[in-house]
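The values are calculated or read from the model by the stated rules, or taken from the named source; none is laboratory data. Everything numeric in this text was worked out from a predicted model, so none of it was measured. When we count neighbours, we look across all protein chains shown, and the Cβ atoms used for this are built from the backbone with ideal geometry, even at glycine. To get the accessible areas, we keep the full protein, side chains included, count just its heavy atoms, and leave off ligands, DNA and RNA. Shrake-Rupley method; radii C 1.70, N 1.55, O 1.52, S 1.80 Å.
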Amino acid sequence: MALLGERPGRHAGVRAPGGPAERPVSGPLPGLALAAGGTALAWAVHRLAPGVPMLTAAVVLGVVAAHLPGAGRFASGPGRPGLSLAGKRLMRAGVVLLGLELSLGDVLGLGWATVAMVLAVVSATFWGTLWLGRRLGLRGDQPLLVATGYSICGASAIGAVGEARRSDERDAAASVALVTLCGTLAVVVLPLLHQPLGLDDAQFGRWVGAGVHDVGQVVAAAQTAGPAALGEAVLVKLMRVLLLAPLVAAVAVSAARRGRGGEPRAGRPPLVPLFVAGFLAAVAVRTTGAVPAGALEAGATVREFVLAAALVGLGSAVHLPSLTRTGARLAVLGACSWAVVAGVSYVGVVLTA
């Protein structure tokens, strides 16, 4: 049963029952061109409305493109190979570049109490979301992908784990849409709770860093409380991002040992996917302090555009009319997971103040 994205019969060489074979789909260039155009438009939206993160705009534009009459037919037909390529390969490249944002010295400088708090938040959110998603009967890898996105770093984490798991593109697209929606709402809701919850600026920053999904959304929410909050938020958030590597490695080993039918696979599985090794190498390079500030800024800019193109590709696989079949259960999972990550991170911040 197709829930999202591609319609049946769109692949090259697929023959409809009782009918002639369809014309093979085109190469990746048309879809990559659409992803590039969506990325440029997402950049323009962010420039005109700085409060809208570029990556959030990219997901939304991908979803919109998939539902416009002409663009939707293009995205599910000749553009699909390139859009799928963007959603997978460019996501890997963006995850590698994300490692340049991390310095182990800065993370450890937050103190062991904060490290323990982040570990508790990530563990509670991941396992609680995974358990609830399975109890709700969500399809495929959606419980795993949503749990990853909420606990680590939003769409980037979903793309990384989905690639390691070889998840259905439609599961990844639905999970990205949900996590992006809740993360965008957090940008609006959390600043309104700053004063009522009695948090000072530094505490508020740590709460945002521990409880909001995407890096861009963390920046958008934390900057409302000033530079002290923003600095704390980014460091705590990057500590969560650091946990992406061991999580993806564990998922990759599990997927390599067991096939989709649950039977063990022969051969020794790789310890980590290549792009996760690249992520760790980038962290190590950043930790040395040898990379000039200008190169780090350029890397961050490239990462933003690469991830935006990947998210346009993932967003274009979302098919909203079909999403209504599991939409209620997916929305329940998103709301509960959001409550867990926000609540546990708030308690952790208060206890470690």
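Looking only at helices (runs of 4 or more DSSP H) that lie completely in region 167-251, which have at least 2 residues being modelled with pLDDT under 85, open to solvent by 10 Å² or more (accessible area, probe 1.4 Å) and closer than 18 Å to Val107 by Cα?
In region 167-251, the matching helices (runs of 4 or more DSSP H) lie at 215-222, 227-242.
I need the full set of residues from region 141-166 which are part of a loop (DSSP other than H, G, I, E, B), modelled with pLDDT of 85 or more and either open to solvent by 20 Å² or more (accessible area, probe 1.4 Å) or touching a Leu at 6+ places or on another chain (Cβ under 6 Å) (or both), in order please.
Ile152
One line per residue, one yes/no per condition, for (1) touching a residue at least 12 places away in the same chain (Cβ under 8 Å); (2) basic (Lys, Arg); (3) open to solvent by 60 Å² or more (accessible area, probe 1.4 Å); (4) touching a strand residue (DSSP E or B) at 6+ places or on another chain (Cβ under 7 Å):
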| position | (1), (2), (3), (4) |
| --- | --- |
| Val59 | yes, no, no, no |
| Arg80 | yes, yes, no, no |
| Gly87 | yes, no, no, no |
| Leu90 | yes, no, no, no |
| Val96 | yes, no, no, no |
| Leu104 | yes, no, yes, no |
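Tell me which helices (runs of 4 or more DSSP H) are completely within region 73-114 and hold 1 or more residues being of a type outside the set (Ser, Thr, Tyr) and over 16 Å from Phe305 (Cβ atoms), or say none if there are none.
80-85, 104-108
Mind telling me which of the residues Gly51, Gly62 ends up being among the small types (Gly, Ala, Ser) and not in a loop (DSSP other than H, G, I, E, B)?
Gly62
Would you check if there is a residue in region 178-190 being among the β-branched types (Val, Ile, Thr), closer than 28 Å to Leu296 by Cβ and more than 15 Å from the chain's Cα centre (by Cα)?
yes
Can you tell me which residue among Gly327, Gly348, Gly334 is open to solvent by less than 30 Å² (accessible area, probe 1.4 Å) and modelled with pLDDT under 85?
Gly327
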